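Encoded as C-alpha cells, the structure appears first; notes follow it.
We did not get these values from a lab; they are worked out from the coordinates using the rules stated. Just so you know, these numbers come straight off a predicted model, no measurement behind them. Glycine gets a Cβ as well: all are built from the backbone with ideal geometry, and neighbour counts include every protein chain shown.
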C-alpha cells in the first residue's frame, strides 16, 4: 500500500528545493531588472534631442560652473525674477555636487519681460561680471532672494566691488539678447528649461532634473558594464 510519507523528506530533498527556489528567484529578479532597464531606456529615448550644435546651446561667452572638461553640461534657461527658477537652484547645486566630476553648469538668460519687469535688469547685471568667479557670485546673489529694488541694489554694489573691471552695459545686454535668440530658435518659451549636452555632440531635451539624473546614471552603468567586459 502506498502511503504519503510526510515525515520522510531527506536533507538532499531540502537542498534540491532550496536550489530551485534560488534559481527561480534569480531569474525573476533578472527579468525585473531587464524590464525596468528597457522601460528606462525607452523613456529616456522619448525625451528627444534639440536640433542644435553644443557650442550654440552653451554659448561662446558663457561662464561654466564645474569642470571645464566635464563630459556633460547642463544648460539652464532661466529668469532671475522667476520664482520656480529660484526654488530650483538648491536642487541644481545638489546635482552638480553629486556628479562633480562629470557634470558642469551653464546658465542662459531668458528674461520673461512681459511678466517680470525687473528680469532684464537682473540679467544685465550678472552678465556685466567679467570673470567666472564674479559672474557666479552675482548669479548666486540674484537667486538668493526675490528680485526687487533692494536685491538689485545689492547686486549692483557687489558688481562695483568685483576685482575685475565690469563689462559695459551694452556688451552685457548683447549677451542676454543672444541667449534669448538661442532659446527662441530652440522653441523654449518658459523657465526654468533645461538641456543636457552629452558626449558626441548630442543635446538632449530634459523635462526635469530627475531626467538628468537618470541619463547620468544610465551612462555610468554603461561605462561600468564596458569596463567589466574589458576585464574578462
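Here is how the numbers come out for the structure above:
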{"read-out": "Paramagnetic label zone (point 7 Å from Cα along Cα-to-C-beta, residue 49; backbone N under 11 Å) in the range 202-225", "value": "202-205"}
{"read-out": "Difference of contour (0.36 nm per residue) and Cα-Cα distance, residue 161 to residue 93", "value": "22.0 nm"}
{"read-out": "Between the range 146-196 and the range 80-110, the Cα center-to-center distance that results, in Å", "value": "15 Å"}
{"read-out": "Reciprocal of mean inverse Cα separation for the range 54-226 (Kirkwood radius, Å)", "value": "16.5 Å"}
{"read-out": "DSSP-defined beta bridges in the range 54-226 - what % are antiparallel, rounded to 5", "value": "65 percent"}
{"read-out": "Residue 224 paired with residue 185, simple spin-label distance in nm, labels 7 Å along Cα-to-beta-carbon", "value": "3.9 nm"}
{"read-out": "Length-normalised contact order of the range 54-226 in % [C-alpha pairs under 8 Å, at least 6 apart]", "value": "29 percent"}
